[in-house]
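S.K.: Structure incoming, see below.
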Amino acid sequence: MNHFTSILALAAALALSTAGASAETTHIFWKDLRPATQAVAEDAGLPMIAAKLPDHGETLSVALQDKTIQLAGYALPVDRDGDLVYQFLLVPWTGACSHMPTPPPNQIVLVTPARPYKMSEAYQPVAITGALKPDMEKSQLFILDGASVIQSGYTVRKADVVGVDTVPDSVILSVNSPWSFLNKKKN
């Protein structure tokens, strides 16, 4: 009887692990979060400013709702204690929301890591993996020159977060920015 019980327990454990493994991760890019008809920053020759878009950048991609995605971008801490970050905004370029135009909501993801993420600097390049939820949320961001309220179009809760060297579809701004040194490659 004990042998039979342990076989059942092993079968149940294997079934659970294969069920978790069958959730496929879709690697996405920033363009996947906006309507195909919306201009990207490079096309306009300047950063996207939500107020200039017909829908204010509030049209979200519901096709990705609840899908497990992986997206690389730059982390801007919202809730932190020292170098531990409990929540951050993932944005497509360095300097976004702070001394640079704020991306439209459909180009900002509010991320809550599964466990606090150790971050040494703002705009650290990271990749997140988790279930994407189209969800307009406002976050209060404390930056050098005061507080700002930023609206994000997506959330990923319980995200796996890893540091990356580069963001494949990063938007490099041609305008003079106090944050331009962050866009330069490290030797």
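The values are calculated or read from the model by the stated rules, or taken from the named source; none is laboratory data. Values in this document were obtained by computation on a predicted structure and should not be read as measured data. Positions of Cβ are generated from backbone atoms using ideal geometry, with glycine treated the same way; all protein chains shown enter the neighbour counts. The area values use the complete protein model at the heavy-atom level, side chains included, leaving out ligands, DNA and RNA. Shrake-Rupley method; radii C 1.70, N 1.55, O 1.52, S 1.80 Å.
S.K.: Of the conditions (1) at pLDDT 90 or above; (2) of a type outside the set (V, I, T); (3) more than 18 Å from L33 (Cα to Cα); (4) open to solvent by less than 50 Å² (accessible area, probe 1.4 Å), Y123 fails just one. Which one is it?
M.R.: (1)
S.K.: A further question follows. Condition check: of a type in the set (A, V, I, L, M), open to solvent by 40 Å² or more (accessible area, probe 1.4 Å) and either within 17 Å of L141 (Cβ to Cβ) or modelled with pLDDT under 85 (or both). Does I108 satisfy that? Even if it seems obvious, please write down each step before you answer.
M.R.: Working: of a type in the set (A, V, I, L, M): yes; open to solvent by 40 Å² or more (accessible area, probe 1.4 Å): no; either within 17 Å of L141 (Cβ to Cβ) or modelled with pLDDT under 85 (or both): yes.
So I108 does not fit the description; no.
S.K.: Looking at L16, L84, which one is open to solvent by 50 Å² or more (accessible area, probe 1.4 Å), at pLDDT below 65 and farther than 17 Å from Q151 by Cβ?
M.R.: Numbers: L84 fails: at pLDDT below 65.
Only one candidate qualifies: L16.
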